[in-house]
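Chemist: Before I ask anything, here is the structure I am working with.
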Amino acid sequence: MPVDEIGPPQRPVPAAEPERLPKLRRRRFLQTAGAGLIATALPAAGAGAPVARADTASDRTSTATAAATADFGPEPPLMHGYSGPQIKAWNPDTDRNARYLRSRVPLARRIAPFEPTQARRGLDSRPRLAVLANDYVQPGWETEGYPYGPGAEAYALRFWQYADLHASWHGLPLDGRHDETNPPYGLVNLPNPGYTDAAHRNGVLSLGCWFWPRPENFAEIVEKTSQGTFPTADKLIAMAEYFGFDGYFINQEAVISAAQAKLLMEMLGYMARKAPSGFHLQWYDSLTVDGRISYQNEFNQVNSPWVVSGGQRISTSVFLNYWWNSAKIQASRTHALSLGLDPFEVVYAGSEIGMYRFAQPYDPRAVFPEGAEPRTSWAFLGSEMVWYTVEGDKSTLAAQAPAYARERQLWSGPAEDPSRSGRTRQPDSSRPLDPAGWDGAAHHIVEKSVIGELPFVTRFCTGTGERFFIDGARVGDQPWFDIGVQDLLPTWQWWVRDADGAPSDAVRVDYDHTAAYDGGSSLRLTGALGPSQSVVVRLYKTRLRLTPTSTAGLVHRGSAAAPGGDGPVLRVGLVFEDAPTETAWLTVDGATGAGWSHWTGALGQWAGRTVAAVGVSLVAGALGAEDIAVNIGELRLADSVPEPAPRCPAEFTVDRAVRANGTASVYLSWDFEPAGVAHYDIFRRTANGRQWLGRTYDGAYCVSALARDGDEETTRLELEAVSVTGRRSCATATELGW
């Protein structure tokens, strides 16, 4: 995409990777899934003997890619780029470690909008938001692509409720070329599977990215067979189906011949017809139908044939280049309507978040005029700027706090409260990181939710951590990142009010990574309340129909048992669809200190009613409450009918292990049975108990940094399947031989 310097440049983006800003790394335009080494199959454990051992001589030494990064093992699963010829020849059986880089989380269905519980009342729910952003942005992100791994210095997006489309946006070198000084990059990158997991769990489509120019023959990419098929298109569809994502963002940003442009349009139309339902192709406003580069900055007769041509749908939507104004956006809407297209479905006006940050020269209010109907949908490029613009050490979660505060400013607005979104002054180009000139995504895009059926359970795990907890016990002491195991995070971050409904700063809400009930974090409320004061924290948008056996549950610590106690009283609040201005409160009993307390409350009295929002409240006694520190480790709404425990996993085995300097990357697989399973947990059995190694919703995982314990000859690994409500299967074991 072109790099704008306060106005359209007189040239298209160069073929090389352009500089975004002087202090930033180069923009790498595409990353790819499917890397590693071809797995060597090992005998699976039999039904009567769950322990298998991998100890092949060929695995004793590392390959040339052993030192991919200091924190990882000798050969972790590493994503790579795909050239045009590699796409046409792609096969999951020959794509190195493809099975370890898949997303298996199904796309969740979002509930219908419900205006009475919106943070911003009256906001139109039709506009959508597309987000093109780098994923983890860890050290070395320009050439490395991991779905998960050791270390906490990785950005894990915490705001999925506003996006409808997400694409991981940075290029990756071709397979085996990562260590070169100037490696060749792929034509297509697949989305990071960890990000796809999180996107799908929140009902967001996940897209791969196509970027041209690349140093290869474009004629081969748009090859059309005598049977009328397009081999590249067929493989792109197959790759999306295998890796578990939903389509592609097409960034065709270099001149090609008119004949090639015609073939490209035919190929995209072929993909649109042949791909499964829901497949999304988003076209970037760059190429004309005769192969020239001409950014239109609006949806018009020049670029609309890339969406619909001759009555045939070519692409699902278009991402408009950034140099628009109010007239161009209005013209885009008019043109879409003239073609019989929904402007909110088709037209996404792009904003260069990575460049202009909070001081956008092309004002989003041209898309969303104050006091008038919105005109089109919206798109971001570079929303990960909230991470890389925070300078200094970010190796710990505490040091990352300024980045996540900036993230809240981007999404919720300058007040970090979606119910109080909106700028407090006009954007100032000399102060690009001052959020006062930014409305916030929540000011224009309605928050969305997938919480539409029981049970609903969250443990507030953000997808990064410095330790890991299960049932309140610490089972892992090493930093980790894996957005693929991120829970459904609060819809509103953070909507806090006093008893009269006025904004309150008496209590602060945030994630606590020092303590968790399950995962790497919990929700923490801190502050102080005067005598008989209270605060209300609105958390989740829902559409949950209650039954006679429905219950609410909370795992918590730090609250008092009853009014008049040493601390504040904790309550759970339910807002019902048929009475959205009222809240039904349940007092959470069970005094707690350092340990976790479990509370369950019956909801049968409201059977047949639908819960539209869920929150919590703290109420101080007659003497007030100082030094409040309340943690919520789990929130659940479920039926009291016991959920069955999953079956014990079968065929758990070590497929391959790469060893170097007393550390191994261990490739594991088992029979994936998704029914009744929320995730699988992997442990190492030690003399002192069990050590957590990883979590996934899949039948394959690589423990990428397993250290040998002294001179042990074997390491015992265990696998458990876990249900949504936390019921665990028996453990299956396998062994790694050193």
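Chemist: For segment 128-157, which positions are of a type in the set (Gly, Ala, Ser), within 30 Å of PHE344 (Cα to Cα) and in a loop (DSSP other than H, G, I, E, B)?
Modeler: ALA156, the sole residue that qualifies.
Chemist: Same structure, new question: Does THR581 fit the bill of being over 24 Å from ARG104 (Cα atoms), surrounded by fewer than 17 Cβ atoms within 10 Å (Cβ to Cβ), in the same structural domain as ARG524 (by TED's automatic domain parsing) and touching a helix residue (DSSP H, G or I) at 6+ places or on another chain (Cβ under 9 Å)?
Modeler: So THR581 fits the description; yes.
Chemist: Yes or no: segment 675-692 includes at least one residue that is of a type in the set (S, T, N, Q) and within 22 Å of ALA98 (Cβ to Cβ).
Modeler: The answer is no, given that none of the residues of segment 675-692 is of a type in the set (S, T, N, Q) and within 22 Å of ALA98 (Cβ to Cβ).
Chemist: On the basis of being more than 24 Å from THR196 (Cβ to Cβ) and not hydrophobic (A, V, I, L, M, F, W, C), does TYR295 make the cut?
Modeler: Criteria met by TYR295.
Chemist: Pairs please, first residue from segment 195-206 and aromatic (Phe, Trp, Tyr), second anywhere and crowded, with 24+ Cβ neighbours inside 10 Å, Cβ atoms under 8 Å, 6+ apart in sequence or on different chains.
Modeler: TYR195/ASP135; TYR195/LEU157; TYR195/HIS166; TYR195/SER168; TYR195/SER206; TYR195/ILE483; TYR195/GLY484
Chemist: Additional query: Filter segment 286-317 down to residues that are among the acidic types (Asp, Glu) and within 13 Å of LEU341 (Cα to Cα), then give me how many there are. Walk me through how you get there before you give the answer.
Modeler: First, the residues of segment 286-317 that are among the acidic types (Asp, Glu): 290, 298.
Now narrow it down to the ones that are within 13 Å of LEU341 (Cα to Cα): none.
Result for segment 286-317: 0.
Chemist: Among the residues of segment 107-127, is any outside any loop (DSSP other than H, G, I, E, B), in contact with a Ser or Thr (Cβ under 8 Å, 6 or more places away or on another chain), assigned by TED's automatic domain parsing to the domain that holds PHE243 and among the hydrophobic types (A, V, I, L, M, F, W, C)?
Modeler: No: zero hits.
Results for (1) over 24 Å from the mean Cα position of the chain (by Cα); (2) surrounded by 23 or more Cβ atoms within 10 Å (Cβ to Cβ); (3) touching a residue at least 60 places away in the same chain (Cβ under 8 Å), shown as yes or no for each residue.
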{"position": "PHE319", "(1), (2), (3)": "no, yes, yes"}
{"position": "ALA327", "(1), (2), (3)": "yes, no, no"}
{"position": "VAL347", "(1), (2), (3)": "no, yes, no"}
{"position": "PRO361", "(1), (2), (3)": "yes, no, yes"}
{"position": "ALA366", "(1), (2), (3)": "yes, no, no"}
{"position": "GLU370", "(1), (2), (3)": "yes, no, no"}
{"position": "TRP387", "(1), (2), (3)": "no, yes, yes"}
{"position": "VAL390", "(1), (2), (3)": "no, no, no"}
{"position": "TRP411", "(1), (2), (3)": "no, yes, yes"}
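Chemist: Against the condition under 24 Å from ALA130 (Cα atoms), touching a strand residue (DSSP E or B) at 6+ places or on another chain (Cβ under 6 Å), of a type in the set (Gly, Ala, Ser) and touching a residue at least 60 places away in the same chain (Cβ under 8 Å), how does GLY527 come out, does it pass?
Modeler: Values: under 24 Å from ALA130 (Cα atoms): no; touching a strand residue (DSSP E or B) at 6+ places or on another chain (Cβ under 6 Å): yes; of a type in the set (Gly, Ala, Ser): yes; touching a residue at least 60 places away in the same chain (Cβ under 8 Å): yes.
Here the answer is no, as GLY527 does not meet what is asked.
Chemist: Which of the residues spanning segment 604-621 are assigned to a loop (DSSP other than H, G, I, E, B) and loosely packed, with under 13 Cβ neighbours inside 10 Å? Don't jump to the end; show me each part of the working.
Modeler: Initial filter on segment 604-621 (assigned to a loop (DSSP other than H, G, I, E, B)): 607-609, 620-621.
If the condition is that a residue be assigned to a loop (DSSP other than H, G, I, E, B) and loosely packed, with under 13 Cβ neighbours inside 10 Å, then ALA607, GLY608 are the ones that fit.
Table: residues versus (1) over 24 Å from the mean Cα position of the chain (by Cα); (2) within 26 Å of TRP160 (Cβ to Cβ); (3) surrounded by fewer than 19 Cβ atoms within 10 Å (Cβ to Cβ).
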{"residue": "LEU172", "(1), (2), (3)": "no, yes, no"}
{"residue": "THR181", "(1), (2), (3)": "yes, no, yes"}
{"residue": "LEU187", "(1), (2), (3)": "no, no, no"}
{"residue": "PRO193", "(1), (2), (3)": "no, yes, no"}
{"residue": "LEU207", "(1), (2), (3)": "no, yes, no"}
{"residue": "PRO215", "(1), (2), (3)": "yes, no, yes"}
{"residue": "ALA219", "(1), (2), (3)": "yes, no, yes"}
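Chemist: Could you check, for segment 542-551, whether at least one of its residues is buried (at least 22 other Cβ atoms within 10 Å of the Cβ), modelled with pLDDT of 95 or more and within 22 Å of the chain's Cα centre (by Cα)?
Modeler: Yes; the residues of segment 542-551 include at least one that is buried (at least 22 other Cβ atoms within 10 Å of the Cβ), modelled with pLDDT of 95 or more and within 22 Å of the chain's Cα centre (by Cα).
Chemist: Just checking, which of ARG420, ARG431, ARG425, ARG467 is farther than 30 Å from PRO139 by Cα, touching a residue at least 40 places away in the same chain (Cβ under 8 Å) and either of a type in the set (Lys, Arg) or surrounded by 19 or more Cβ atoms within 10 Å (Cβ to Cβ) (or both)?
Modeler: Going through ARG420, ARG431, ARG425, ARG467 in turn, the sole match is ARG420.
Chemist: Moving to a separate point now. Does segment 563-588 hold any residues that are at pLDDT 95 or above and in a loop (DSSP other than H, G, I, E, B), and which are they?
Modeler: GLU577, ASP578
Chemist: Still on this structure, I have one more. Residue check: is ILE237 surrounded by fewer than 23 Cβ atoms within 10 Å (Cβ to Cβ), out of contact with any Ser or Thr (no Cβ under 7 Å at 6 or more places or on another chain) and in a helix (DSSP H, G or I)?
Modeler: On the way: surrounded by fewer than 23 Cβ atoms within 10 Å (Cβ to Cβ): yes; out of contact with any Ser or Thr (no Cβ under 7 Å at 6 or more places or on another chain): yes; in a helix (DSSP H, G or I): yes.
Yes; evaluated as a whole, the condition is true for this residue.
Chemist: Please work out which residue is farthest from ARG690 (Cα to Cα), limiting yourself to segment 477-532 and to residues that are among the polar types (S, T, N, Q) and surrounded by 17 or more Cβ atoms within 10 Å (Cβ to Cβ).
Modeler: Selected residue: SER504.
Chemist: Among the residues of segment 436-453, is there at least one that is at pLDDT 95 or above, over 25 Å from the mean Cα position of the chain (by Cα), in the same structural domain as ALA112 (by TED's automatic domain parsing) and at negative phi?
Modeler: Yes, there is a match, as at least one residue in segment 436-453 is at pLDDT 95 or above, over 25 Å from the mean Cα position of the chain (by Cα), in the same structural domain as ALA112 (by TED's automatic domain parsing) and at negative phi.
Chemist: Still on this structure, please answer the following. When only residues in segment 221-234 that are part of a loop (DSSP other than H, G, I, E, B) and not aliphatic (A, V, I, L, M) count, which is surrounded by the most Cβ atoms within 10 Å (Cβ to Cβ)?
Modeler: So the first thing to find is which residues in segment 221-234 are part of a loop (DSSP other than H, G, I, E, B), and the list is 222-230.
Now drop any that are not not aliphatic (A, V, I, L, M), which leaves 223-230.
Values: GLU223: 16, LYS224: 15, THR225: 9, SER226: 5, GLN227: 5, GLY228: 8, THR229: 14, PHE230: 24.
In this case the residue turns out to be PHE230.
Chemist: In segment 689-697, is there at least one residue being under 24 Å from HIS200 (Cα atoms), free of Cβ contacts under 8 Å to residues at least 40 places away in the same chain and surrounded by fewer than 23 Cβ atoms within 10 Å (Cβ to Cβ)? Give the steps one after another, and end with the answer.
Modeler: Pass one, segment 689-697, residues under 24 Å from HIS200 (Cα atoms): 693-697.
Next cut, free of Cβ contacts under 8 Å to residues at least 40 places away in the same chain only: none.
No.
Okay, residues lined up against (1) part of a loop (DSSP other than H, G, I, E, B); (2) over 29 Å from the mean Cα position of the chain (by Cα):
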{"residue": "LEU623", "(1), (2)": "yes, yes"}
{"residue": "GLU634", "(1), (2)": "no, no"}
{"residue": "VAL641", "(1), (2)": "yes, yes"}
{"residue": "PRO646", "(1), (2)": "yes, no"}
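Chemist: If you don't mind, another one. Please find, among ASP487, ASP471, ASP482, the residue that is assigned by TED's automatic domain parsing to the domain that holds GLU634, more than 16 Å from the chain's Cα centre (by Cα) and not small (Gly, Ala, Ser).
Modeler: Checking each option against the conditions leaves just ASP471.
Chemist: Looking at VAL507, VAL485, which is the one that is touching a residue at least 40 places away in the same chain (Cβ under 8 Å), closer than 18 Å to GLY573 by Cα and hydrophobic (A, V, I, L, M, F, W, C)?
Modeler: Answer to the selection: VAL507.
Chemist: Could you give every pair whose Cβ atoms fall below 8 Å, whose first residue belongs to segment 570-581 and is more than 11 Å from LEU618 (Cα to Cα), and whose second residue is part of a loop (DSSP other than H, G, I, E, B), counting only separations of at least 6 or pairs across chains?
Modeler: Listed pairs, sorted by first residue: LEU574/LEU603; PHE576/ARG609; GLU577/PHE114; GLU577/ARG609; ASP578/ARG609; PRO580/PHE114.
The values are calculated or read from the model by the stated rules, or taken from the named source; none is laboratory data. Owing to the predicted nature of the structure, the values given are computational and were not obtained by experimental measurement. Using ideal geometry, Cβ is built from the backbone for each residue, glycine included, and neighbour counts are taken over all protein chains shown.
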